[in-house]
Structure formats: structure tokens, C-alpha cells
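The values are calculated or read from the model by the stated rules, or taken from the named source; none is laboratory data. Since the structure is predicted, the reported quantities are computational estimates derived from the model, not experimental observations. A quick note on method: Cβ atoms are made from the backbone with ideal geometry, for glycine too, and the neighbour counts reach across all protein chains shown. Areas reflect the complete protein model, heavy atoms only, side chains present, ligands, DNA and RNA absent. Shrake-Rupley method; radii C 1.70, N 1.55, O 1.52, S 1.80 Å.
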Amino acid sequence: MLKKVLIVEDSALQAKMYRPIFAGYAGCKLVTAGNGLEAMDKLSLEGDVELILLDINMPKMNGLAFLEEREKGGFGHIPTIVISTEGKDEDIMKALKLGADAYVKKPWKPEQIRELVEKLVGRD
């Protein structure tokens, strides 16, 4: 049962668009961070995050830098889906090399995200 998801996204509107996807997970809490630095703090404070949805283009610390810090901070075991407008092969390969489990290019469809979530963490 998925209990907590960290959404790392600098667009509040984009972050809200994920809510319907997780409505089917009873008791699932969505935690948001506007950049990679804030996300690292949230990981330390929340402690039991089971999935990360990560944008690449953000202020202060972008998604690729976050992936590096996530690993160093001991959070590399948390499944991470990168969801970004950046879709060049080198960006995708770099994110996957840094430990992302999947990469989705914006705009995305809810079923794309649902399928990846079910593959990575299962379904209630």
C-alpha cells in the first residue's frame, strides 16, 4: 500500500495535476517540494517516502543534481520517476544513470504515470 509520495516540481499547477492519480491509493499522502534542495529537506523530515516524482528544470537545485544528492544522502533506494519537458536522449540517459527508475516526457497522460507507479511500487 502506497503511503507517501514526494512530488518535486516547481510548478504548483503541475504538482496538483498528480492528485487524481493517487486518489485511488487509500491514505496516500502527497508531499511537495519546489526544488531539489527543498526535496532533500522533505526526505529527511518525512522519513517514509515510498516514491518520488521529479521534474528536471527547477531553481536552486535541478532534478539531475537532486538525483546525485539523493544517492549521497542515503535515499537512492526510493523509486524515482523523472517527469520533464527535457526529452533529449542524453538527458534521459543521464537521469537513468543517476538512478532514476523511469523517465516520462511532458505532456504526460495519467495512465502513463499510473502504469509506472504500479510497476515500481505496486497497487493497493
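Only a single item in (1) open to solvent by less than 80 Å² (accessible area, probe 1.4 Å); (2) among the basic types (K, R); (3) at pLDDT below 95 is not met by K88, and it is number (1).
Determine, yes or no, whether D55 is open to solvent by less than 30 Å² (accessible area, probe 1.4 Å), of a type in the set (D, E, K, R) and touching a residue at least 40 places away in the same chain (Cβ under 8 Å). For D55, the condition - open to solvent by less than 30 Å² (accessible area, probe 1.4 Å), of a type in the set (D, E, K, R) and touching a residue at least 40 places away in the same chain (Cβ under 8 Å) - is met. If the condition is being part of a loop (DSSP other than H, G, I, E, B) and open to solvent by 20 Å² or more (accessible area, probe 1.4 Å), then segment 1-33 contributes M1, K3, D10, S11, M17, A23, G24, A26, G27, C28. Pairs linking a residue in segment 77-99 that is on the phi > 0 side of the Ramachandran plot to a residue that is open to solvent by 30 Å² or more (accessible area, probe 1.4 Å) and part of a helix (DSSP H, G or I), with Cβ atoms under 6 Å and 6 or more positions apart or on different chains, are G99/E71. Within the set M40, M61, the sole residue that is at pLDDT below 95 and aliphatic (A, V, I, L, M) turns out to be M61. Here is the figure for segment 60-74: residues that are within 24 Å of Q112 (Cβ to Cβ) and free of Cβ contacts under 8 Å to residues at least 40 places away in the same chain total 4.
The residues in segment 100-124 that are surrounded by fewer than 15 Cβ atoms within 10 Å (Cβ to Cβ), without any contact (Cβ under 8 Å) to a residue 60 or more places away in the chain and not basic (K, R) can be counted, and the count is 4.
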